[in-house]
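The values are calculated or read from the model by the stated rules, or taken from the named source; none is laboratory data. All values reported here derive from a predicted model rather than from experimental measurement. Note: ideal-geometry Cβ built from the backbone for every residue, glycine included; neighbour counts use all protein chains shown.
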Amino acid sequence: MGNVSAIIFVNEDISQGIATIDSIRTFNDIDDLSVIVVDNTDGGKLFQWAQEQLDITYIYMDEGPQTFSEIFNGVMSEVKIDSDVLLIDEGMTIVPQCLSTMKAILDSESDIGAVGGVSNGFCGCQNRAELASYSNAINMALSMEALRKRKRTLNLDSAAILWKRETIRALGKMDEDIGDRRTSMLDYCIRATLTDWKLMICPECLWWDVQKGCRAERETLQIQKLEKKWKMHYFNWLPNYCLIDLIDREDWENFNVLEVGCDCGATLLEIKNIFPNVNTYGSELNPNAAKVAMHVTTIQINNIEEQTLNFEQTKFDYIIFGDVLEHLRDPQAVIEFCRKILKEDGCIIACIPNIMHISVMKELLNGRFEYTETGLLDKTHVHFFTYFEIEKMFQQAGYEMEVVSSKGISLSANDEILMEALLDLSTETQRFMYETFQYIVRARKDKF
């Protein structure tokens, strides 16, 4: 096999698989690249076409349709690959400079385990929705300066990832009890982080997805399997940009950030990407989540309500609570304690669910208040907040609310009618109090 082995998975649409192969033939800029096509279609639909191709290795999964983890494990054991491995899903097409840039970043540091790019078909921080067409992506790539920028992440989109050979050797097989592509790859990425391999996103590495639209919206992530495997009530690998956006600093500044309930550390990691000189710290109650977070930040396993947090007398410019205050028995006492560890002009940044959202009001009017696994009525919530309660809590604890923004969800025509009726009944409420699903708050420590 070559210095890089590109493994292309074809599951349903052979035309999309062929489009991926053609793009590699056109724009590959790695000297030693071998192409392996894995045919997981019913009946081996690619077989006839593959017999006429002289530059690919063809593998037919003749045991019938299998899960992604089973296919990956089977291919890796059958082919005995001794090279870096580029995993590509059908329909993902490359543009100029993509592969050589990914390879250069992978080789730039010994502890970089995998590299991903950006695409119109990816979601979150790997999404480039502005890519309008394949030709647009090609032209954009040709006009880019090759800076080889990268940022660290906890997860890479499974549709196109370049893995270092040593990382795959160290991690071994994928967990076949998980099965599907997105969930298996997220599990593999977490295993990589736990063994001190860094995962990188390169914004210069463009991929065009011929399927269009976010792949994550078409593929269900079986997060419950990961929560069970890793023994976490929540399994959060995505940064919360609503919180990050309220950090009012220049990207070159040095300051201290503490996140309470940091989970696996995704938000703190992204803060470090944006503000390279920041010092990040995390407090996490779940020891299994903390085991992941300790690889990306300074962490303490701690119950914030015990008020024993101590990072060697470090004072913080920002303390972040991302969906945490509603889980506390006495959230006001906690933010009062935070005054002691905040700098004089320090801030709390928090996102807090709104119990007054119209969806909850509608259920109350019908006599129902049913707890759920997640959301506004999450069964682990022990405190419920309206706008006025949030305002009162921060004021009584010694803070001035500087910024309050809202996150909402789409509402039905019946919701709009109900809101108008409720507004007619009250002289103190406003429309946003029913529309807001979650409040995003920045509150600055008072100087009294």
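Only one residue in VAL296, VAL292 is part of a loop (DSSP other than H, G, I, E, B), of a type outside the set (S, T, N, Q) and buried (at least 21 other Cβ atoms within 10 Å of the Cβ), so which one is that?
One residue alone meets the criteria, VAL296.
Scan the range 37-79 for residues that are closer than 30 Å to GLN97 by Cα, out of contact with any Lys or Arg (no Cβ under 7 Å at 6 or more places or on another chain) and touching a residue at least 40 places away in the same chain (Cβ under 8 Å) and report the count.
Counting residues in the range 37-79 that are closer than 30 Å to GLN97 by Cα, out of contact with any Lys or Arg (no Cβ under 7 Å at 6 or more places or on another chain) and touching a residue at least 40 places away in the same chain (Cβ under 8 Å) gives 6.
Just the residues that are touching a helix residue (DSSP H, G or I) at 6+ places or on another chain (Cβ under 9 Å) and farther than 24 Å from THR167 by Cα, please, taken from the range 25-37.
Hit for the range 25-37 is PHE27, nothing else.
Could you check how many residues of the range 149-176 are aliphatic (A, V, I, L, M), assigned to a loop (DSSP other than H, G, I, E, B) and under 16 Å from ILE190 (Cβ atoms)?
3
Would you check which residues across the range 303-326 are surrounded by fewer than 18 Cβ atoms within 10 Å (Cβ to Cβ) and under 18 Å from VAL382 (Cβ atoms) and list them?
Across the range 303-326, the qualifying residues are ASN303, GLU305, GLU306, GLN307.
How many of the residues making up the range 327-360 are of a type in the set (Val, Ile, Thr) and either surrounded by fewer than 23 Cβ atoms within 10 Å (Cβ to Cβ) or closer than 13 Å to ASN303 by Cα (or both)?
The total comes to 4.
Of the residues ILE138, ILE112, which is surrounded by fewer than 22 Cβ atoms within 10 Å (Cβ to Cβ) and either assigned by TED's automatic domain parsing to the domain that holds ASN273 or within 20 Å of the chain's Cα centre (by Cα) (or both)?
ILE112
Identify the single condition in (1) surrounded by fewer than 18 Cβ atoms within 10 Å (Cβ to Cβ); (2) of a type outside the set (D, E, K, R); (3) part of a helix (DSSP H, G or I) that THR57 does not satisfy, given that it satisfies every other one.
THR57 satisfies all of (1) surrounded by fewer than 18 Cβ atoms within 10 Å (Cβ to Cβ); (2) of a type outside the set (D, E, K, R); (3) part of a helix (DSSP H, G or I) except (3).
Which condition from (1) over 22 Å from VAL10 (Cα atoms); (2) outside any helix (DSSP H, G or I) is the one that ILE190 breaks?
The one condition ILE190 does not meet is (2).
Among the residues of the range 231-266 satisfying the criterion of being free of Cβ contacts under 8 Å to residues at least 60 places away in the same chain and outside any loop (DSSP other than H, G, I, E, B), which is surrounded by the most Cβ atoms within 10 Å (Cβ to Cβ)?
Once the filter is applied, the top-ranked residue is ILE244.
From GLU259, GLU284, GLU270, GLU253, grab the single residue that is in contact with a Cys (Cβ under 6 Å, 6 or more places away or on another chain), closer than 30 Å to VAL334 by Cα and not assigned by TED's automatic domain parsing to the domain that holds SER143.
It is GLU284.
Can you list residue pairs whose Cβ atoms sit under 8 Å apart, with the first residue in the range 372-394 being on the phi > 0 side of the Ramachandran plot and in the same structural domain as VAL441 (by TED's automatic domain parsing) and the second being buried (at least 18 other Cβ atoms within 10 Å of the Cβ) and at pLDDT 95 or above? Count only pairs 6 or more apart in sequence or on different chains.
Hits for this filter: GLY375/PRO353.
Could you look through the range 74-105, keep only residues that are at pLDDT 90 or above and assigned to a helix (DSSP H, G or I), and pick out the one that is surrounded by the most Cβ atoms within 10 Å (Cβ to Cβ)?
My answer is MET102.
Given the structure, is ILE161 under 14 Å from LEU87 (Cβ atoms) and either touching an Asp or Glu at 6+ places or on another chain (Cβ under 9 Å) or not β-branched (Val, Ile, Thr) (or both)?
No: the conditions fail for ILE161.
If we keep just the residues of the range 163-186 that are modelled with pLDDT of 95 or more and either in contact with a Lys or Arg (Cβ under 7 Å, 6 or more places away or on another chain) or acidic (Asp, Glu) (or both), which is surrounded by the fewest Cβ atoms within 10 Å (Cβ to Cβ)?
Here the answer is GLU166.
For residues in the range 10-36 being in a loop (DSSP other than H, G, I, E, B) and free of Cβ contacts under 8 Å to residues at least 60 places away in the same chain, which is farthest from VAL85 (Cα to Cα)?
The extreme case among them is ASP31.
Against the condition closer than 24 Å to MET174 by Cβ, of a type in the set (A, V, I, L, M, F, W, C) and touching a Ser or Thr at 6+ places or on another chain (Cβ under 7 Å), how does MET61 come out, does it pass?
Answer is no for this residue.
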